[in-house]
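Quick one: structure below, then a few questions.
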Amino acid sequence: MATAAWCSDCNANVWVGPDGGCANGHPRSSLRGLYESSPVAATSGPEMSPVGTRTQAMGSGASSVKDVADAQRLVIYAFGLNLVCNVLLRSGSALMIVPALAASLFAVISIYRLTGALDYSSGMRILFVVLMFVPLVSLLVLLILIERATKILRAAGYKVGLLGARV
């Protein structure tokens, strides 16, 4: 069995070279979702392994694709809550302050979990959390992280719908 992974620079599943990087010359930091695959033919790309058996070896800690799926679902819920709270706060309802704060706290926790599952550096995780306190930018941050998680989940063979991956 040979080792393969998703290369974010190639936007494809690639073979992992002897140096631990992409076979096309990209560094190890570009790889996500390492898994074992049987070579089908020398000219073809890596064969996808069964869903749920791969783990992501991203940086020092390995987290499963299921962790990314679970965290993504929380971020999707946080996006919906933040969208509703932003609209209701703009309507002038003073009673919405407490639910809006609760939704923001939920979003921060969700962002922290997803960035951890995606193995972002501590600095990036803190940056995303701080950006959650900037109005409307927080919604963009949530959308960006949802999109990145979706790419990883689709590369791992999961079907991703409106409310996240079907595990």
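No lab work stands behind these numbers, since they all come straight from the coordinates. What you are looking at is a predicted structure, and each value in this text was computed from that prediction instead of being measured. So basically every Cβ, Gly included, is an ideal-geometry build from the backbone, and we count neighbours across all protein chains shown.
Bin by bin, in steps of 5 Å, what percent of the Cα pairs in the range 65-165 do you find, going until the bin that has the longest distance?
Per 5 Å bin, starting at zero, the Cα-Cα P(r) for the range 65-165 comes out as 2, 14, 25, 23, 16, 11, 5, 2, 1 percent.
Now for a separate question. Work out how far the C-alpha atoms of the range 70-120 reach from end to end along every principal axis, then list the three figures in whole Å, largest first.
Principal-axis extents of the Cα atoms in the range 70-120, largest first: 39, 14, 14 Å.
Something else: Give the order of 115, 3 when sorted by the count of other beta carbons within 10 angstrom, beginning with the fewest.
Arranged by neighbour count, lowest to highest, 115, 3 become 3, 115.
Among 142, 68, 94, flag the residue with its Cα farthest along the positive direction of the charge dipole of the range 65-165, charges on Cβ as +1 for Lys/Arg and -1 for Asp/Glu.
Comparing the listed Cα positions along the dipole, 68 ranks first.
Something else now. Using all C-alpha to C-alpha distances in the range 99-145, build P(r) with 10 Å bins and read off the rounded percent in each one.
P(r) for the range 99-145, in whole percents per bin: 29, 61, 10, 0.
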